[in-house]
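Working notes, beginning with the structure itself.
Bear in mind that the values in this text are calculations on the coordinates, not laboratory data. Quick caveat, the model's predicted, so the values are computed rather than measured. Ideal geometry is used to build each Cβ from the backbone, glycine not excepted, and the neighbour counts take in all protein chains shown.
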Amino acid sequence: MRRLATALLMLLALAGCAADPAPPPPAFNGTDVMFLRMSLDYIGQGERVVELAGRRTADPRVRALIIELGGQWRSEAGTMRRWLAGWQPPSAAAADPSAHAGHGDPHSLRDADIAELAAARGADFDRTAVSLLLGHLHNCVEVYRMEVAGGRYPPAKALAETMTTHRQAQIQGLLTLAA
């Protein structure tokens, strides 16, 4: 019995020495990190519209969409922040105005857009909110599609697919409101 135990220990030791496993590839890539960072930025921008519209919209259909978007964004942002905290990717680079020179404007909601919304009243407020959200959600979907096509982290890709489905339905609802 002692010989068997000794032989087993030697075999295990040899197996451990012979196996020099390669480190596993990272669970995420740069596209995943960019998706999370850009999505969090877009959520922050969209929340400015949601906050104003939640208080001032007169149209119950706009209010319902605002409540839906706000809830989804809070949930999605929490998940994204947890992933980024767990991954600990390098800090985001400082915003460089020429960073998007090769592919156009980053399509962000600007302070001027929010000021225009804040200044609008009544039905004009609702039309402006719908218009801003239409453009904003379209840009969000473009970021989600980038993740689906080039991301590596399966849960992030699945989240991007879910977000795409939700935002496309919301875009269709906004188009109905805009008509």
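Any chance you could run the full-extension gain for GLU51 through ALA119? It's 0.36 nm times the residue separation minus the Cα-Cα distance, nm to one decimal. Please list the in-between numbers first.
Working: separation 68, 0.36 × 68 = 24.48 nm, distance 1.43 nm.
Gain on extension, GLU51 to ALA119, equals 23.1 nm.
Between ARG74 and THR165, full extension at 0.36 nm per residue minus the direct alpha carbon distance yields a gain of 31.1 nm.
Compute the signed sum of charges (Lys and Arg +1, Asp and Glu -1) over the other residues within less than 12 Å, Cβ to Cβ, of GLN45.
Values: positive: ARG48, ARG110; negative: ASP41, GLU47, GLU51, ASP111, ASP113.
Result for the neighbourhood of GLN45: -3.
Note that region 147-155 has calculated 3J(HN,Hα) couplings of 5, 4, 6, x, x, 10, 7, x, x Hz, one per residue in order, obtained from phi through the Karplus relation 6.51 cos²θ - 1.76 cosθ + 1.60 (θ = phi - 60°); glycine and proline are x.
Derived scalar couplings between HN and Hα for region 158-164 equal 5, 4, 4, 5, 5, 4, 4 Hz in order, rounded to whole Hz, by the Karplus curve 6.51 cos²θ - 1.76 cosθ + 1.60 (θ = phi - 60°), x for Gly and Pro. In a fully extended conformation the segment linking ARG110 and ARG61 would gain 15.2 nm over its present Cα-Cα distance, using 0.36 nm per residue.
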